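Novice: Have a look at the structure that comes next, please.
The values are calculated or read from the model by the stated rules, or taken from the named source; none is laboratory data. Since we're looking at a predicted model, the values are computed, not measured. Counting neighbours? That spans all protein chains shown, and the Cβs are built from the backbone with ideal geometry, glycine included. Heads up: the accessible areas ignore ligands, DNA and RNA and are worked out on the full protein's heavy atoms, side chains in. Shrake-Rupley method; radii C 1.70, N 1.55, O 1.52, S 1.80 Å.
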Amino acid sequence: MSDYVNNPDEAKEYYPRYRLFYIAVGITFVLFTTRLWYLQIITGNELREFSEKNRIKQNKISAPRGLMLDRNGKVLVENLPGFEAILSPQYIENLEVTAGALGPILNMEADKIVQKVQKSRKQNGLFAQVRLKENLSREEVFRLKRIRLDTPGLEIRESIVRYYPLKEDGAQVFGYVAEISKRQIPMMNELYKDVFFFEQGDVIGKSGLEETLEKDIRGKDGLSFIQVDAHGRETITQTPNIYGEQIRDQEPVHGNNAVLTIDRDVQEAAFKSMMDNQRIGAAFAMKANGEVLAWVSTPSFNPNDFSTGFSSQTWSRLVNDPFKPLRNKVIQDYKAPGSTFKPLVAVAALQEKVVGPNTLVAAPGVFMFARRPYHDSNRNGYGMITIFEAIERSSNVFFFKMGIALGVDKMFAYINPMGIGQKTGVELAREVAGTMPNSEWKKGAMGEEWQAGENLSTAIGQGFVEATPIQMAVAYNAIGTEGKVVKPFVIRKIIDQEGKVLKENFPQVVRDLTQPQKTGIQVTTETFKIVKEGMRRVANGERGTAKWWKVPGVPMAGKTGTAQVMNFSADQIYASCIARPIHMRHHGWFVAWAPADNPEITVAVLAEHSCHGNTGAAPIVRDIVQAYFQKYHPQMIEEGLKQQNIKRAKAPVVAPTTTEGE
């Protein structure tokens, strides 16, 4: 054996093998060293972060959104504490089993949970947490805690729930919040790149003031860190990093509060009246300086449902409702204003001296133009009347003649500066401009010349004319204030948590119609006074179309309107509206201000498919005006009631009915 080992000749034949062995060992050493260098030096930070993610869970602490307060400090939108169910996908061992366990507790289909997690994994990666359900009930929290130890990745987290105490009332103006969509993330990050960073799971304002005020009322989110085991369950509360240093939580910063011009009492009165009268449409009230007092759109929805989550059936019901509860009718429903348009035409006719205050004009029941009959709302007509009576009794034929004399371009020159056919500039998004036609508009929109007969329908607020309730309020307010076109606004100021004012808005007069306008017109105060007197008679005259809806001690001035939703044959014009299917019934309008001589509040109500303005919309305007004066000028109401009682003692009151005209 020793001879074999010590024989150098025989050992030489193994040298090549030794050399290969040494090379293999050397290469292996180099590979291990290179790999170790790569892992520690090149990817060390990345792997360290991966390790931290597995060992230390970082949770975002959502910052409370700022409150919305009314003009007197009453809460309109607030926050409530709650709980939410969260899943961390990287810790889930069997998604189907987990979904099967959570489904019955959360009242969710297991398949929907699986789809939600898989969608999040695909869009946001493995480590993105998935919010399964918000605003958990006590029973749901209790049942989830019982299975939590056996459900890796499940977390029950304290949350903040946005709460709207008025519920359906004002939902379109206050808006709602919901989780940000994937499409919105890059858009929002670009829009607020110097202020916020948005990611999946964040809750943002989706509509209304929640959307408008995102930058002001959104707080700064905080962070908390917990140490977890391999299943994602918390192990200790003291959380050092891999260097042994304590990781400190970052507290969230509360968002700023928004003080609105809304008056909660007037807002509630407006909504209650719309509900009591079972009206579809919109009610809008503002002070003469443009401060919005009430904003109602019906049918409505409960924004709390968006905060807490709702079924697909509920969503389907909202989007398929033919009367569009998600639509903000105050600024988005542009309808023919009907006879509420006549006072605006009256301003143009007086200023252009087509008529004077005492000019008598024949107003028969039927007016022939180009061999075609144009009917009045009263088939017997009104005889010889002045502009005061034409407004008070709402004569179509009188205004047919004004339309012919003026022409559409002259009507546009006066009425467009009042706010019809242009956005008011109120803070909420997606306001529409409506339409105030002229010959140039028709040529551009339809490629056709304006026809003389179209002047007649335009003069009574039909045809191509379309206006929103907020536009009608601004236009009427301009008449009431004798020329001041104001910009309506709903955000009064932004304040921090200590009450310090950060931003403040003030009333703004956009145009003064008594001064020369771009359209070449200028209106005298005398013209406005004449029109105001006619509108005062609408609510207070013996034959006024809104005479039944007085507020004790507070004289109103306004105009009722009935807007047809379709054309009817001559034998159907005077048929009963209420007997028609609802989609064929006329829309009812009433726009008014009070007091009649010196406006303090202006109200516009659109009651869709209510047939008449004097019975469909006027009662709601009356209720809103009464709520305002009962709160701010109760002595006027009291004095009015005394005078009313004296009159009642002398003569019985006849129940209100649909009067002639509107």
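Novice: Among rounded, prolate and oblate, which fits segment 334-471 when a ≥ b ≥ c are the square roots of the eigenvalues of its C-alpha gyration tensor, a/c under 1.5 means rounded, and a/b larger than b/c means prolate?
Specialist: The shape class here is prolate.
Novice: Right, here's the next one. Relative to the Cα centre, what is the charge dipole magnitude of the chain, using +1 at the beta carbon of each Lys and Arg, -1 at the beta carbon of each Asp and Glu, and rounding to the nearest 20 debye?
Specialist: Magnitude of the dipole: close to 1580 debye.
Novice: For Gln644 and Gln422 in one chain, what is 0.36 nm times their gap in residues minus the Cα-Cα distance, to one decimal in nm?
Specialist: 75.8 nm
Novice: Still on this model: Could you tell me which of rounded, prolate or oblate describes the chain, using a ≥ b ≥ c as the square roots of the eigenvalues of the alpha-carbon gyration tensor, with rounded for a/c under 1.5 and, failing that, prolate when a/b is larger than b/c and oblate otherwise?
Specialist: Here the chain falls in the prolate category.
Novice: For the peptides 131-137, 265-271, 171-177, what is the packing order when you average, over each peptide's residues, the other Cβ atoms within 10 Å and list the highest mean first?
Specialist: Peptide ranking by packing, descending: 171-177, 265-271, 131-137.
Novice: Based on the mean of other Cβ atoms within 10 Å per residue, sort peptides 449-460, 349-360, 297-308 so the most packed one is first.
Specialist: Per-residue Cβ counts within 10 Å, averaged per peptide and sorted highest first, yield 297-308, 449-460, 349-360.
Novice: Does segment 458-610 come out rounded, prolate or oblate, given a ≥ b ≥ c as the square roots of the eigenvalues of its C-alpha gyration tensor, rounded meaning a/c under 1.5 and, failing that, prolate meaning a/b above b/c?
Specialist: It is prolate, given that a/c is not under 1.5 and a/b is the larger ratio.
Novice: Something else now. Could you sort the peptides 628-636, 611-619 by per-residue average Cβ neighbour count (10 Å cutoff), highest mean leading?
Specialist: The packing order, highest mean first, is 611-619, 628-636.
Novice: In addition: Quick check: the angle from helix 95-106's long axis to the longest principal axis of the chain, C-alpha only, nearest 10 degrees?
Specialist: Computed tilt is about 40 degrees.
Novice: Could you state the angle between the C-alpha long axis of helix 469-480 and the longest principal axis of the C-alpha atoms of the chain, as a value from 0 to 90 degrees rounded to the nearest 10?
Specialist: Once rounded, the angle reads 40 degrees.
Novice: Follow-up. Tell me, what ³J(HN,Hα) does each residue in segment 350-358 have, in order and in whole Hz, if you take phi through Karplus 6.51 cos²θ - 1.76 cosθ + 1.60 with θ = phi - 60° and put x for Gly and Pro?
Specialist: 5, 5, 8, 6, 5, 9, x, x, 10
Novice: Under 5 Å between amide hydrogens, which residues at least 5 positions from Val161 or on another chain qualify, with H placed 1.01 Å from N in the peptide plane?
Specialist: HN-HN under 5 Å from Val161: Leu80, Gly82.
Novice: Now for a separate question. Taking only Cα atoms, what is the 0 to 90° angle, nearest 10, from helix 138-147's long axis to the longest principal axis of the chain?
Specialist: 20 degrees
Novice: Moving on. Can you run phi through the Karplus equation (6.51, -1.76, 1.60; θ = phi - 60°) for segment 525-530 and list ³J(HN,Hα) in whole Hz, with x for Gly and Pro?
Specialist: Computed from phi, the couplings for segment 525-530 are 5, 4, 4, 4, 5, 5 Hz.
Novice: Moving to a separate point now. Using amide H atoms built 1.01 Å from N in the peptide plane, name the residues 5+ places from Val486, or on other chains, whose amide H lies under 5 Å from its own.
Specialist: When sequence neighbours closer than 5 places are left aside, the close amide H contacts are Val510.
Novice: If r is the Cβ-Cβ distance from Lys193 to Val432 and R0 is 22 Å, what FRET efficiency results, to the nearest 0.05?
Specialist: It comes out at approximately 0.15.
Novice: Only four residue types carry charge here, +1 at the Cβ of Lys and Arg and -1 at the Cβ of Asp and Glu. Report the dipole size of segment 260-319 about the Cα centre in Debye, rounded to the nearest 20.
Specialist: 160 debye
Novice: Report, in deg cm²/dmol and to the nearest 500, the calculated mean residue ellipticity at 222 nm for the chain, where each DSSP H run with n ≥ 4 adds -39500 (n - 2.57) and the sum is divided by the residue count.
Specialist: Helix-only estimate at 222 nm: -11000 deg cm²/dmol.
Novice: Here is a further query. Identify the residues of segment 503-520 with backbone N under 17 Å of a label point that sits 7 angstrom from the Cα of Asp409 along the Cα-to-Cβ direction, or state none.
Specialist: Backbone N within reach: 518-520.
Novice: Residue by residue, what Karplus-based ³J(HN,Hα) values in Hz, rounded to whole numbers, does segment 187-199 have, using 6.51, -1.76 and 1.60 with θ = phi - 60° and x for Gly and Pro?
Specialist: 5, 5, 5, 6, 5, 10, 4, 9, 10, 10, 10, 9, 8
Novice: If I compute solvent accessible area with a 1.4 Å probe over the protein chains, what percent of it on segment 458-585 is carbon and sulfur?
Specialist: 51 percent
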